[in-house]
Amino acid sequence: MTPEHASELTARTCQLAPVVPVLVLDDASKAEGLARALIAGGLPALEVTLRTPAALEAIAEMAKVDGGVVGAGTLLTAEDVEKAKEAGASFGVSPGATKRLLEACEANDLPLLPGAATASEAMALLERGYKTMKFFPAEAAGGAKALGSFASPLPQIRFCPTGGVSLKNAPDYLALPNTLCVGGSWVAPKDMIAAEDWAGIEALAAEAAALSR
Ligand SMILES: O=C(O)C(=O)C[C@H](O)[C@H](O)COP(=O)(O)O
């Protein structure tokens, strides 16, 4: 998969809703209920981070749920890419970008939303053909003000800011010309997942889905 094609596909995924939930699952048995709640609330694109032993099984469970598009987050290695693809991930997300990771995603046809925090990192990805990127760590890297400043010199790049994004500050990012959506974990709190509070999570999702772009 070329970087250009990957960016077209990840841009489409980012445009499904204003927010892409960033999910950390410790128990794969919660995956289906969580996916159904988020999709019912209006957030079909789901990023399951590869930070727990349950993550790959959770991706496989979520991939079976109609109406969703499940991706793998926190991709760090070529092995992560291969396992995520095998589990049924439709896209990948990474906190940064290395040559090996980019090569693995391109070779395994996994559309990647690669992370970038600076103009130089964004330029290096652009040079390779990526035009849709994650701005991470968003708040720590300067927030909406910093991301907005990329729009003039780098107008061809669109971003999904994640890292410290919340319902409160999401509108600042979504108002930017170079932001497609935001990513955040606030819509699926660990305690609500553990309690299987699917109605509560659906309500958080609906609140996020109502954010205007
Ligand atoms: O590791 C990745 O590939 C990521 O996607 C990083 C996550 O987007 C952020 O860690 C989410 O940050 P919070 O929403 O503040 O919890």
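The values are calculated or read from the model by the stated rules, or taken from the named source; none is laboratory data. Keep in mind that this is a model prediction, so the values were computed, not measured. Cβ placement follows ideal geometry from the backbone for every residue including glycine, while neighbour counts extend to all protein chains displayed. The area values use the complete protein model at the heavy-atom level, side chains included, leaving out ligands, DNA and RNA. Shrake-Rupley method; radii C 1.70, N 1.55, O 1.52, S 1.80 Å.
Mind counting the residues in region 163-179 that are open to solvent by less than 20 Å² (accessible area, probe 1.4 Å) and either within 11 Å of the ligand (Cβ to nearest atom) or among the hydrophobic types (A, V, I, L, M, F, W, C) (or both)?
Number satisfying all stated conditions: 3.
Just the residues that are open to solvent by 70 Å² or more (accessible area, probe 1.4 Å) and either among the aliphatic types (A, V, I, L, M) or within 10 Å of P161 (Cβ to Cβ) (or both), please, taken from region 123-135.
Within region 123-135, M123 is the sole residue that qualifies.
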L43 meets each of (1) closer than 23 Å to L112 by Cβ; (2) in contact with a Ser or Thr (Cβ under 9 Å, 6 or more places away or on another chain) with one exception, condition (2)
Sole exception among (1) within 23 Å of A210 (Cβ to Cβ); (2) touching a strand residue (DSSP E or B) at 6+ places or on another chain (Cβ under 6 Å) for A144, by number: (2)
Strands (runs of 3 or more DSSP E) within region 1-84 that include 3 or more residues of a type in the set (V, I, T): 19-23
Picked from region 179-213 (must be within 17 Å of the chain's Cα centre (by Cα) and of a type outside the set (A, V, I, L, M)), the residue modelled with the lowest pLDDT is R213
Quick check on this structure: which one of A89, A84, A117, A97 is hydrophobic (A, V, I, L, M, F, W, C), within 16 Å of the ligand (Cβ to nearest atom), over 26 Å from P44 (Cβ atoms) and in contact (Cβ under 8 Å) with a residue 12 or more places away in the chain? A117
Return the only residue of L46, L76 being open to solvent by 70 Å² or more (accessible area, probe 1.4 Å) and within 14 Å of the ligand (Cβ to nearest atom). L76
Condition check: buried (at least 17 other Cβ atoms within 10 Å of the Cβ), touching a helix residue (DSSP H, G or I) at 6+ places or on another chain (Cβ under 6 Å), more than 19 Å from A209 (Cβ to Cβ) and among the aliphatic types (A, V, I, L, M). Does L56 satisfy that? yes
